[in-house]
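Novice: I'd like to ask some things about the structure below.
The values are calculated or read from the model by the stated rules, or taken from the named source; none is laboratory data. These numbers were taken from a predicted model, which means no experiment stands behind them. Glycine also receives a Cβ, built like all others from the backbone with ideal geometry; neighbour counts cover every protein chain displayed. The area values use the complete protein model at the heavy-atom level, side chains included, leaving out ligands, DNA and RNA. Shrake-Rupley method; radii C 1.70, N 1.55, O 1.52, S 1.80 Å.
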Amino acid sequence: MRNHRIFIVEDDKKIARLLADTLRKYQYDVAIVEDFDNVEAECAAFDPHLILLDINLPSYDGYYWCRQLRQTTTCPIIFISARSGDMDQVFALENGGDDFITKPFHYEIVLAKIRSHLRRAFGEYAPSQGERTVKLGSLELFIERMELHLRDEEIPLQKKECVILELLMDASPKVVSRETLLEELWDDQSFVDENTLNVNMTRVRKKLADYGVQSVIETVRGSGYRFLVAPEES
């Protein structure tokens with residue numbers, strides 16, 4: 001299996017570098033945020049299994065970014081902060097965090113917590129019973145994990161990509177209307193540009209194509225979209 005990816009959102013460059021160096025020694029893939037006005041986009045591009053997040057950051061604080069990130073990922077988020085008050089920890093958890101580590105910290109504690117959360121989310125302690133999946137041919141969608149499996153390949157998904165694939169695969173070979181997709185993807189359709197769904201559908205198709213899954217989403221003019229299992233995937 002590929003190495004787990006960890007995304008570090010920390011504005012103290014020394015701490016961020018030391019954390020990254022330590023984690024890489026333990027075979028984790030690590031990325032450090034570069035633009036603190038663009039945390040969400042950088043995180044989406046890296047698609048981490050776990051996020052380490054400071055509270056005191058430029059522009060917006062960690063609580064804000066945790067809320068934003070929770071719209072697109074269910075991966076564990078561990079706050080690491082010099083703030084040590086009880087309410088700081090309460091706010092961290094209430095805004096979507098999973099754990100809290102106070103600075104200064106021991107690297108052994110950070111590593112132990114990372115391992116623990118990764119086991120719960122992706123490893124031996126990850127829930128297996130009752131997990132929602134949709135299977136078509138060699139493709140299997142794991143909804144809670146936001147992963148599409150193609151034989152032994154794991155294709156990571158963003159939240160909207162997962163919703164689109166769940167709707168299309170679950171209905172296959174029936175057509176899913178544009179209205180149904182818009183309803184499920186956005187709470188208020190009246191503020192959604194007509195091209196927004198097209199853009200999201202293009203992203204899903206491109207991601208599938210990157211993994212060799214071609215021409216499985218068909219546009220049905222005037223109606224919506226249909227998911228077809230390609231012959232080689234049947």
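Novice: Can you give the calculated 222 nm mean residue ellipticity of the chain, where each DSSP H run of n ≥ 4 adds -39,500 (n - 2.57) and the sum is split over every residue, rounded to the nearest 500 deg cm²/dmol?
Specialist: -12000 deg cm²/dmol
Novice: Between beta-carbons, use under 10 Å as the cut-off and find the net charge around Trp65, counting Lys and Arg +1, Asp and Glu -1.
Specialist: -1
Novice: For the stretch 97-104, take each phi angle, set θ = phi - 60°, evaluate the Karplus expression 6.51 cos²θ - 1.76 cosθ + 1.60, and give the result in whole Hz per residue in order, putting x for glycine and proline.
Specialist: x, 10, 7, 9, 10, 8, 7, x
Novice: Now for a different question. Could you pull the Cα extents of the stretch 65-121 along its three principal axes, largest to smallest, in whole Å?
Specialist: Reported extents, whole Å, longest axis first: 30, 27, 14.
Novice: For the stretch 30-140, what is the accessible area per residue in Å² when the probe is 1.4 Å?
Specialist: Roughly 51 Å² per residue, with all protein chains present.
Novice: What number in nm² do you get for the stretch 1-126 if you take the convex hull of its Cα atoms and divide its surface by four?
Specialist: 7.2
Novice: Taking 0.36 nm per intervening residue step and subtracting the Cα-Cα distance, what contour gain separates Arg119 from Tyr64 on full extension?
Specialist: The span from Arg119 to Tyr64 would gain 17.2 nm if fully extended.
Novice: Determine which lysines satisfy two conditions relative to Lys206: a Cα distance under 25 Å, and not lying fewer than 8 residues away in the same chain.
Specialist: Lys135, Lys159, Lys160, Lys174
Novice: With a Cα-only, solvent-free Debye model of the stretch 1-47, what are the log10 I(q)/I(0) values at q = 0.20 Å⁻¹?
Specialist: -0.64
Novice: Calculated from the structure, Cα extents along the principal axes in Å equals which of (1) 90, 37, 26; (2) 49, 36, 35; (3) 58, 40, 31?
Specialist: Read-out taken from this structure: (3).
Novice: Summarise the accessible area of the chain (1.4 Å probe, protein heavy atoms) by the percent that is carbon and sulfur.
Specialist: In the chain, the share of accessible area belonging to carbon and sulfur is 47 percent.
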